[in-house]
Amino acid sequence: RTADWYGIQKIIASEETADYYNPKVISATMGSFTRVKLYYTDLVSYLGEQRHRVFGAYLDGNDVHQVDFGNSGLILIGNEAHGISPSLGRFVTDKITIPKFGRAESLNAAIATAIICDQVKRLRT
């Protein structure tokens, strides 16, 4: 649903990601599953073939409000408990972070994704 909100039409997901057609997932998308295509793949192989910049969400990256996202690229969001795995992290060309002002340890992946997508969209309009 977040991808649909920001006009993103394609999501590349790891083979371990929740089943797109799980009834709870379908319900949570509020119809967005009909507009956003999801592709499951081996992310190591996929990222290894890419020539785009890969922006990886980390706690110690560059401030997302100061990053030049350019005209194209991929955004890599990690597992909520463990972040981006080292096997995928080696493909990250640009580490990014959402600046923290409070004392929370982290944001959940969905909220972080929305904030990053908002910044990318804001800069590209």
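The values are calculated or read from the model by the stated rules, or taken from the named source; none is laboratory data. As the structure is a prediction and not an experimental result, all values here were calculated from the model. All Cβ positions, even for glycine, are placed from backbone atoms using ideal geometry, and neighbour counts span all protein chains on display. Only protein heavy atoms, including side chains, enter the accessible area calculation; ligands, DNA and RNA are left aside. Shrake-Rupley method; radii C 1.70, N 1.55, O 1.52, S 1.80 Å.
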Checklist entry - At 222 nm, what helix-only mean residue ellipticity would the chain give, in deg cm²/dmol to the nearest 500, using -39500 (n - 2.57) for each DSSP H run of four or more? => result -7500 deg cm²/dmol
Checklist entry - Sorted from largest down, what three extents in whole angstroms do the Cα atoms of region 1-81 have along their principal axes? => result 37, 27, 27
Item to check | Carbon/sulfur fraction of accessible area - region 7-125, other protein chains in place, 1.4 Å, % | outcome: 53 percent
Item to check | Neighbourhood net charge (15 Å Cβ-Cβ; Lys/Arg +1, Asp/Glu -1) for Ser32 | outcome: +4
Checklist entry - Which percent of the Cα-Cα distances in region 61-125 go past 14 Å? => result 61 percent
Item to check | At R0 = 22 Å, FRET efficiency that the Cβ-Cβ distance of Glu49 and Asn71 yields, to 0.05 | outcome: 0.65
Item to check | Rounded to 5, the percent of DSSP beta bridges in the chain classed as antiparallel | outcome: 5 percent
Next on the checklist: Using 24 Å as the Cα-Cα cut-off, could you pick out the over-long pairs in Lys10/Lys95; Lys100/Lys121; Lys37/Lys121; Lys10/Lys100?
Outcome noted: Lys10/Lys100
Checklist entry - Can you work out the base-10 log of I(q)/I(0) for region 54-94 at q = 0.16, 0.27, 0.30, 0.35 1/Å, using the Debye formula on its C-alpha atoms alone? => result -0.39, -1.02, -1.17, -1.35
Checklist entry - Between Asp60 and Ala18, what length comes free when the chain is fully extended (0.36 nm per residue of separation minus the Cα-Cα distance, one decimal in nm)? => result 12.4 nm
